[in-house]
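We did not get these values from a lab; they are worked out from the coordinates using the rules stated. Computed from a predicted model, the values in this text were never measured in an experiment. Please note: Cβ atoms are built from the backbone with ideal geometry, for glycine as well, and neighbour counts cover all protein chains shown.
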Amino acid sequence: MNTAKPASGTDVRGDVHTPATPLVYLASEPYYHATGDELDVFEAAAKSCLPVMLKGPTGCGKTRFVEHMAWRLKRPLVTVACHDDLTTADLVGRYLIVGDETVWMDGPLTAAVRAGAICYLDEIVEARKDTTVVIHPLTDSRRALPVEKRGEYIEAPPDFMLVISYNPGYQSVLKEMKPSTRQRFVALDFDYPEADTEARIVAHEGGVDDTTAQKLVKLGGLTRKLKGAGLDEGAGTRLLVHAAQLIARGMTPAIACTAAIARPLADETDTRDALDDLIAAVF
Amino acid sequence: MSERKLFAHELEARLDELLLLSLRQRSAAEPAALLEALPRELQERVLHWAGVAAQTSDDLGWLIASLAATQAAGLGAQLDDWVRAGLDAYDRSGLAATRKALNEFTEASKASALRSQDSVAFGAIEGRLSRFLHALDGRALRLVSGPKAWTDTETLWLPERLDAAADAAGNRRLYKAMAALLWAQTRFGSFNVDPEPELEQWPDRERALAWFAVFEAMRLEACIAVELPGLALEIAGLRGPWPAELAAAAAKLAEPDATVADSLACMAALREIGVSPAPTLPHIGALDPVAARRVRAARITRELAIVRRALNVIAAADTKAGAAENSDYPPLAAEGEMQVPDPQADLLALPPAAREAAKSLMQDLGEIPPEALHPAGPGAWQPVDGINESGAVSVTTQPDAFYDEWDYRRASWRHDWCHLYEMEARAGDPEWVDEVRTRHAHLIRSIRRRFEALRGEDKPLKRQFDGEEIDLDAQVEARADRKSGSEPSPRLFIHRRRIERSLAVMFMVDMSGSTKGWVNDAERESLVLLCEAIEALGDSYAIYGFSGWTRTHCDIYPVKRFSDRYDTATRSRIAGIEAKDYTRMGVAVRHLSGLLMRQNTRHKLLVTLSDGRPDDFSDEYRGRYGIEDTRHALLEAREKGIRSYCVTIDRHGADYLPQLYGPAHYSVIDDAKKLPQKIAEIYRKLTG
């Protein structure tokens, strides 16, 4: 990723401590191949100050899409990978002790609100349930972030935008999003691209010729049919790109695909062997 | 045990005693004479198994004893497996099947002694191959083993074992090549043209079919090469170069637009020149066009009906709502590589089941026949069930699941022994629950209060390196330390950690006939109190009743599923719990622990409410057999990470409980009336 500008948060109060902020300014265009009207919808949502939810299986380009849009809209980007111990303080900020003083440090969400950035909460369902509630006031007409510990109420500038992603393919009931959260977002569905498009993406990103890319995509398609029959999820475009990159480094396709596709996907012997057979069949 | 062999008269006496032969006017003299030659250890094994089998049926015991007498010497250490195979066959299909299975086992074991180390069994490669086939394009195929390799376009048969290649890897490759060619027959239309006119011209049908298979293999290999070049190379490597006189045909059939008609043309050409026997290649399976085309025709009829019906519904919806398209479903064209004509626009909107049918039709016919696109008069969309190829069995007579049962005497499973039905739980009188809640209002209040204290809450952890808040005490200390010149602690924060009760509980309620009366009332009241308590805690929980009548009627009654709320409907189902038949517990434990495993919680708990030991209609399950089976089921559950606990009302004491649940994993309540008072406390202790 191309980070350019050294970061500095917008101080509204003077006593805000801003260490290396998570703001990323994208200087060059992140490669993204549109497959539908997602660019237009996102842009319109951004102009209307609406939050956006990206749904889709893993490795189909959600994160790349957000990076691309941040570049296109010329806004800084803050990415938070959500995990099951992510607390409100991790998002909003906390006091630190420096010498005998307490110093407030903005969390990534607060930093994004202050800077008018795009805040991207990746895999939001992984976060603790109570954490997701802090985004509620930012996602309706209030568009504000109350920072309780400082008694501060930060109104979001028009450039601030909240984007979340989630993977509906996970079966767990616990990882469902509550309707009260879901219904605040404009939603975009992501899926693996059509074979031709995907081949072009793999060729471009992985640095391989078209024929190899097509074969990788063919293989990817075959593994996706194993979803539910040995695999939880087929190979995403990301895995195909990884394999392509290994091939571009001079590895044989069989070794590259085994290492980058078959092994990450499966542990169970039968499935692993079947994946090896598929690799051997395609190349 | 003494080392001395038993003499024939001793063996005869023991067999007589085990099998009650004299009553049945049979004589054990002959088997006894044969057994006399065996070493003592083997003699004892045979006697042991004869006894075990006799517990199931005297005839079975006799069969085992008499066959073992002739075969035990050859079987040696395999005797135990041999008997188990026989008992298994008896469970499935009776005495005649047992004799057959036992003889087959002996044959197979003799054959395997001769067999090379390098052969590969179908069972060893089935999982891998079926996943491989599943990933390939086209209609889903079933994979089974059979005497020869062939396909009827829905099922692939592959040989039981392959040893044609020099090593195991080669045999595995051979299996894969065989399966791939059969898959290609269904995928690339080997049965789309009727070959009979050509086949009839041949004097020898066998030979004609063999040639047909060879030409098709040539064509299909080229089809495979387009999409899966690696696989085609592997097949080519297996077969070696085509014979010189066939090279021209191979080249012609490898052209991209070659179809099965070209293969038939090759056959006609060959017939003109004069026919030699077809080359035999190990990876080419057999063709049975008659059977395959019959299956294909039935499928086409079925799928046409599905597609037409679905289109009917869409047409009806269109006229009603005027909706031009239905974008809920991704377009059919997703299968981009499939060389099919553009699917007609209407098909884009089909529901998934019908879309599968449409795809399958395109595979068979190359297009959706126009007549399918004209809705066939009024008629509503029916789910596919009704036109199942099996000839439509009514759903209620089909068990929801089959479970194995553990037979301790055999020390092995009885396969698919228990037939489990999930029945609808009867709704009772909801007012009964209200009455219980009023009667126990005080108790419920105090239970709720105690349970609320257990609820998962934020627990502040003081003096942490990192946290949401500053720990003022630690800060003051650190400052004092610094002033006094000692090193201050860096642990200055409070971290709030949420203690989550990640717990799912399954209550398994005994609905056997013996619970009738007081016990049943006590169970129901206890469940009401438990629900009140657990609602306060927020744990996820489910209540299932179980009862049954022999192994073919094991019933499960979902009173409250994990997803159900504790609402009026659930309450009236609790009120509706009634005493029914018997308690075959093992199967219930297996089924319910399976349901429990689907819960995504850290802890899983299976609580049984019962009034006594496992029991069933037949004498068999009563006593040790039932206890051992239940114990085995509970052990299986424990291996999956489920803790089990039993609350039992058993006035006769419960000597079997420690054996089933382990010490300290059960409570015995001697008076049913006390159960409601105690149950909540038991639960609190269990999960606190």
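Applying the Karplus parametrisation 6.51 cos²θ - 1.76 cosθ + 1.60 with θ = phi - 60° to the phi angles of region B:474-485, what ³J(HN,Hα) value in whole Hz is obtained for each residue in order, glycine and proline being reported as x?
Going residue by residue, I get 5, 5, 4, 4, 4, 5, 4, 4, 5, 4, 7, x Hz, with x marking Gly and Pro.
Compute the distance in nm between two label points, each set 7 Å from the Cα along the Cα-to-Cβ direction, one at B:Asn103 and one at B:Ala269.
A separation of 5.0 nm, rounded to one decimal place.
Taking square-rooted eigenvalues a ≥ b ≥ c of the alpha carbon gyration tensor, is region B:9-89 rounded, prolate or oblate, where a/c under 1.5 means rounded and, failing that, a/b exceeding b/c means prolate?
Numbers: a/c = 1.92, a/b = 1.13, b/c = 1.69.
The shape class here is oblate.
Taking the square root of 5 times each eigenvalue of the Cα gyration tensor, what semi-axes in Å does the equivalent ellipsoid of region B:120-287 have, largest first?
On the way: eigenvalues 129, 55, 52 Å².
With the √(5λ) rule applied to region B:120-287, the semi-axes are 25, 17, 16 Å.
Please determine, in degrees from 0 to 90 and to the nearest 10, the orientation of helix B:122-135 with respect to the longest principal axis defined by the Cα atoms of chain B, where the helix direction is its Cα long axis.
It works out to around 90 degrees.
Which order, highest average first, do B:143-149, B:517-523 follow once you tally other Cβ atoms within 10 Å for each residue and take the mean per peptide? Please report the intermediate quantities before stating the final value.
Numbers: B:143-149: 14.7, B:517-523: 19.1.
Listed from highest to lowest mean packing, they are B:517-523, B:143-149.
B:Leu141's amide H: which non-local residues (gap 5+, or another chain) put their own amide H closer than 5 Å, with H modeled 1.01 Å from N in plane and none for Pro or chain starts?
The answer is none.
Region B:458-498: Rg/Rh from Cα coordinates, Kirkwood Rh? Don't skip to the answer; put the middle values down first.
Details: Rg = 10.9 Å, Rh = 10.2 Å.
Rg divided by Rh gives 1.06.
Would you tell me the mean number of C-beta atoms belonging to other protein chains that fall within 10 Å of each C-beta in B:170-182, as a whole number? Don't skip to the answer; put the middle values down first.
On the way: counts 0, 0, 2, 2, 0, 0, 4, 0, 0, 1, 2, 0, 0.
Going residue by residue through B:170-182 and averaging, the value is 1.
State to the nearest 20 debye the size of the charge dipole of the protein assembly as shown about its Cα centre, where the only charges are +1 on K and R beta carbons and -1 on D and E beta carbons. Can you show the working numbers first?
On the way: 119 positive and 144 negative charges, 477 e Å.
It comes to approximately 2300 debye.
Using the Cα centre of region A:195-282 as the reference point, and only Cβ charges (+1 on K/R, -1 on D/E), how large is the resulting charge dipole? Debye, rounded to the nearest 20.
180
Please sort A:242-255, B:267-280 by packing, taking for each peptide the average over its residues of neighbouring beta carbons within 10 angstrom, highest first. List each step's numbers first, then the result.
Values: A:242-255: 18.0, B:267-280: 12.6.
Descending packing order for the listed peptides: A:242-255, B:267-280.
How many Cβ atoms of partner chains, on average, are near each residue of A:84-93 if near means within 10 Å of its Cβ? Mind showing how you got there, number by number?
Values: counts 1, 3, 0, 7, 2, 7, 1, 0, 1, 1.
Mean inter-chain Cβ contacts per residue within 10 Å come to 2.
Roughly what angle does helix B:352-365 make with the longest principal axis of chain B, taking Cα atoms, 0 to 90 degrees, to the nearest 10?
So the helix axis and the longest Cα principal axis differ by about 10 degrees.
Which of the trypsin sites (Lys or Arg not before Pro) found in region B:574-630 are in a DSSP loop and have at most 14 neighbouring Cβ atoms, other than their own, within 10 Å?
Numbers: sites: B:Lys580, B:Arg584, B:Arg590, B:Arg598, B:Arg602, B:Lys604, B:Arg622, B:Arg624; in loops: B:Lys580, B:Arg584, B:Arg598, B:Arg602, B:Arg622.
Qualifying residues, ordered by number: B:Arg598, B:Arg602.
Take the Cα radius of gyration of chain B and divide it by 2.2 N^0.38 Å, with N its residue count; two decimals is plenty. Each step should come with its number before you reach the end.
On the way: Rg = 34.2 Å, N = 688, 2.2 N^0.38 = 26.3 Å.
Scaled against compact globular proteins, the figure is 1.30.
Amide H of A:Ala156 versus every other amide H placed in the peptide plane: which residues, excluding those fewer than 5 positions away on the same chain, fall under 5 Å?
When sequence neighbours closer than 5 places are left aside, the close amide H contacts are A:Ala144, A:Leu145.
Name the residue from B:Asn103, B:Asn171, A:Leu226 whose Cα lies farthest towards the positive end of the charge dipole of the protein assembly as shown, charges +1 on Cβ of Lys and Arg and -1 on Cβ of Asp and Glu.
A:Leu226
Test of understanding: ordering A:Ile97, B:Ile543 by Cβ neighbours within 10 Å, fewest first, what list do you get? Show your work: numbers first, answer last.
Values: A:Ile97 17, B:Ile543 27.
Going from sparsest to densest Cβ surroundings: A:Ile97, B:Ile543.
Highest mean first, what order results for A:123-132, A:214-223 on Cβ atoms within 10 Å? Present the calculation step by step, with values, prior to reporting the outcome.
Values: A:123-132: 18.9, A:214-223: 25.2.
Going by the mean number of other Cβ atoms within 10 Å, highest first, we get A:214-223, A:123-132.
Normalised by the empirical 2.2 N^0.38 Å for globular proteins, what value does the Cα Rg of chain A take? Before the final figure, lay out the partial values.
On the way: Rg = 21.0 Å, N = 283, 2.2 N^0.38 = 18.8 Å.
Dividing the Cα radius of gyration by 2.2 N^0.38 Å gives 1.12.
Could you tell me how many degrees, from 0 to 90 and to the nearest 10, lie between the Cα long axis of helix B:95-114 and the main elongation axis, the longest principal axis, of the Cα atoms of chain B?
Around 70 degrees separate the two axes.
Only Cα pairs under 8 Å and at least 6 apart count here; give the relative contact order of region A:32-152 as a rounded whole percent. Working shown, then result.
Details: 128 pairs, mean separation 28.6, N = 121.
The normalised contact order for region A:32-152 reaches 24 percent.
Any idea what diffusion coefficient region B:413-455 gets from Stokes-Einstein, in µm²/s, Kirkwood Rh on alpha carbon pairs, 37 °C, 0.692 mPa s?
Working: Rh = 14.3 Å.
D, rounded to a whole number, is 229 µm²/s.
Viscosity 1.567 mPa s, temperature 4 °C: what is the translational diffusion coefficient of region B:519-612 from Stokes-Einstein with a Kirkwood Rh over Cα pairs, rounded to a whole number of µm²/s?
Details: Rh = 14.1 Å.
My calculation gives 92 µm²/s for D.
In whole angstrom, and with the biggest value first, how far do the Cα coordinates of region A:195-282 range along each principal axis?
Largest to smallest, the principal-axis extents are 31, 24, 19 Å.
I need the shape label for region B:398-546. Rule: rounded when a/c is under 1.5, else prolate if a/b > b/c, else oblate, with a, b, c from the alpha carbon gyration tensor.
Numbers: a/c = 4.39, a/b = 2.01, b/c = 2.19.
Cα axes put region B:398-546 in the oblate bin.
For B:Val226 and B:Asp59, what is the calculated FRET efficiency with R₀ set at 51 Å and r taken between the beta-carbons, to the nearest 0.05? Each step should come with its number before you reach the end.
Numbers: r = 60 Å, r/R0 = 1.18.
For R0 = 51 Å, the calculated efficiency reads 0.25.
Hey, what number do you get for chain B at 222 nm if only DSSP H runs of n ≥ 4 count, each worth -39500 (n - 2.57), divided across all residues, to the nearest 500? Numbers along the way, then the final one.
Numbers: 24 runs with 340 residues, N = 688.
Per the formula, -16000 deg cm²/dmol.
Per residue of A:269-280, count partner chain C-beta atoms within 10 Å of its C-beta, then hand back the mean as an integer. Walk me through the numbers on the way to the answer.
Values: counts 2, 8, 4, 2, 7, 10, 4, 2, 14, 7, 1, 8.
Whole-number average of other-chain Cβ neighbours for A:269-280 is 6.
Looking only at chain A, where both bridge partners belong to it, what percent of the DSSP beta bridges are antiparallel (to the nearest 5)? Mind dumping the intermediate values first?
Values: 12 of 32 bridges.
That works out to approximately 40 percent antiparallel.
Using the 2.2 N^0.38 Å rule of thumb for compact globular proteins, work out how the protein assembly as shown stacks up: its C-alpha Rg over that value, please. The partial results should precede the final answer.
Numbers: Rg = 35.2 Å, N = 971, 2.2 N^0.38 = 30.0 Å.
With N residues counted in the protein assembly as shown, Rg over 2.2 N^0.38 Å equals 1.17.
Charges only on Cβ, +1 for Lys and Arg, -1 for Asp and Glu: so what's the dipole of region B:558-688 about the Cα centre, in debye to the nearest 20?
Values: 24 positive and 18 negative charges, 160 e Å.
The dipole magnitude comes to about 760 debye.
Please go through region A:53-95 and write out the trypsin sites (Lys or Arg not before Pro) that DSSP classes as loop and that have at most 10 other C-beta atoms within 10 Å. Intermediate results must be reported in sequence, preceding the final value.
Working: sites: A:Lys55, A:Lys62, A:Arg64, A:Arg72, A:Lys74, A:Arg94; in loops: A:Lys74.
Listed in order of number, the matching sites are A:Lys74.
For A:Lys149, list the aspartates and glutamates whose Cα falls under 12 Å from its own Cα; do not include residues on the same chain fewer than 8 positions away.
Excluding near neighbours in sequence, the set is A:Asp106, B:Glu468, B:Glu469.
When only C-alpha pairs under 8 Å and at least 6 residues apart count, what is the relative contact order of chain B, in percent? Don't skip to the answer; put the middle values down first.
Values: 1040 pairs, mean separation 56.4, N = 688.
Relative CO of chain B lands at 8 percent.
Direction-averaged shadow area of the convex hull around the Cα atoms of region A:195-235, nm²?
Details: hull surface 10.7 nm².
Mean shadow area of the hull around the Cα atoms is 2.7 nm².
Express as a percent, rounded to the nearest 5, the fraction of DSSP beta bridges in region B:120-287 (both residues included) that run antiparallel. Write down the numbers at each step before the final one.
Details: 4 of 9 bridges.
That works out to approximately 45 percent antiparallel.
A 25 angstrom limit on the alpha carbon distance is what I want to check against. Which of A:Lys178/B:Lys678; B:Lys560/B:Lys678; A:Lys225/B:Lys252; B:Lys459/B:Lys674; A:Lys129/B:Lys604; A:Lys215/B:Lys176 exceed it? Walk me through the numbers before you get to the answer.
Working: A:Lys178/B:Lys678 37 Å; B:Lys560/B:Lys678 22 Å; A:Lys225/B:Lys252 33 Å; B:Lys459/B:Lys674 36 Å; A:Lys129/B:Lys604 22 Å; A:Lys215/B:Lys176 20 Å.
From the list (A:Lys178/B:Lys678; B:Lys560/B:Lys678; A:Lys225/B:Lys252; B:Lys459/B:Lys674; A:Lys129/B:Lys604; A:Lys215/B:Lys176), the Cα-Cα distance tops 25 Å for A:Lys178/B:Lys678; A:Lys225/B:Lys252; B:Lys459/B:Lys674.
If amide hydrogens are placed 1.01 Å from N in the peptide plane, which non-local residues have theirs closer than 5 Å to the one on B:Tyr541?
Sorted by chain and number, the residues that satisfy this are B:Val505.
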